[in-house]
Each structure stands twice: as structure tokens, then as C-alpha cells.
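Remarks on the structure that follows.
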Amino acid sequence: MSPCVSAAKRPVAAVLLAAGFVLAGGARAGADAPTPNPVSMNFAAGGAIHMNFKTGTAEVIGAPDEKISVSWRSSKYPEDEREVSVQLRRTGPADATLDVKGPGEHMKYRVEVPRQSSVNIEMQAGELVVRGIQGNLDAELLAGEMDLRLPAAARYRKVSAAVTVGEISARPWDKDVSGLFRSLSVTNEGDYELSARLLAGELRIRSE
């Protein structure tokens, strides 16, 4: 089925104000005590993982090991790595939650999860990269860049992507749209679902 582009109607000023607030005020977070780096937990393939990030660069990677591993570094100030707070816990027999808070946009996080996982990600501002995941993917970023690299784009039965202010590039379906309130919807035969939402910035979907 051919993709379709649709638009919604919301006040542009409110959208830009919200994005600016996130970039200006959501960058500082601290921790009472240093968190060991890296943090890991055994986790079987086929489960569901919910992740929360504040700001920075987050890279989520599907890996062959049956565990969740989180590591981080600062691109500017190594001492800031001690201010990162990571909470990784099980929330069910096949469910896990990851909460990451750091001191600013210069922090870089790397999260490795079992390749066959369903992943839900919420992030305030920065750059989000997801690759190597074979499962359902739900990603939401308020402001910044989102780069979703699919190992098997044809296996997604439902794809929905939306940006309020910015652009969407979806190479597997030859779609590029930009402006205000842009969206993309694709239905096909497959096993997985993909949903991506961005308030302000650039959203890219491509095959690995």
C-alpha cells in the first residue's frame, strides 16, 4: 500500500515554545551517588523494554547477548560522568524499565538490548539513534534528531511517523516531507509495528 502524508492543526507558537523549554531547561539532572559504569542486567530475548532519557545522545542497539547493558561517556567533561543516574529494573517476567538522567547534552549513552525485543523510548531533547532491533518500536522525542535504522523494513506491518515542526525522511518507502504537521503512514504484511513522533527536528527512517 502506498504511504500517505497527512497534517494536523495545532498552534505553531505553542509547539515552538514547548521545544525551546525542553532545550533550555531540561538539560540538567544529577545523581546523589555515582552509578557504576556500565550497568547491565540479564534479560531474555522476546521481551519488552521501556526507556526514558532526558537530554544528550542516546544510541540503542540490538545485540546478540541476552542482557541489557548501559554505558556512557561525556564528550566534554569526564567528571560529569559521575553525575549520571541509571535505574535499570524488571517490571514483569518479560518486561524491563530503564531511566537515565544526566548532566547535559554532551552526554553520550549506549544501550545494548537483545536483538529480538520490543522497545519503547521517550526522550526530551538531543539525538536518538536506534539500530539492529527486530521487534516493535515506539519512539518519541520532543526536540532534536531521530535516526531509526531498520534491519528488515519489509517486516513492519504498520508504520506511522509524525513531526510537528521539521522533516521526515523514510527511505524504505521513498518518502520525504517537511514543514508543519507532517506525517507518514504505511501498512503492509509483516510482523512488527513502528511508531515515531517528533515535536521539532528531523526524523529519519532507513534500512541498515
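The values are calculated or read from the model by the stated rules, or taken from the named source; none is laboratory data. Note that the structure is predicted; figures quoted are calculated from it, not measured. Positions of Cβ are backbone-derived with ideal geometry, glycine not excepted, and every protein chain shown enters the neighbour counts.
Looking only at the range 148-162, filter to residues that are within 14 Å of the chain's Cα centre (by Cα) and more than 16 Å from Ser183 (Cα to Cα); which one of those is modelled with the highest pLDDT? So the residue we want is Arg149.
Taken over the range 57-115, the criterion of being under 19 Å from the mean Cα position of the chain (by Cα) and among the β-branched types (Val, Ile, Thr) is satisfied by Thr57, Val60, Ile61, Ile68, Val70, Val84, Val86, Thr97, Val100, Val111, Val113. Restricting attention to the range 64-97 and to residues that are of a type in the set (Ser, Thr, Tyr) and exposed (fewer than 14 other Cβ atoms within 10 Å of the Cβ), the residue that is farthest from Phe43 (Cα to Cα) turns out to be Tyr77.
When Val119, Val111, Val100, Val129 are checked against the criterion of being of a type in the set (A, V, I, L, M, F, W, C) and surrounded by fewer than 19 Cβ atoms within 10 Å (Cβ to Cβ), Val129 stands alone in meeting it.
Evaluated against (1) closer than 17 Å to His50 by Cα; (2) at pLDDT below 95, Arg115 falls short on exactly one condition, (2).
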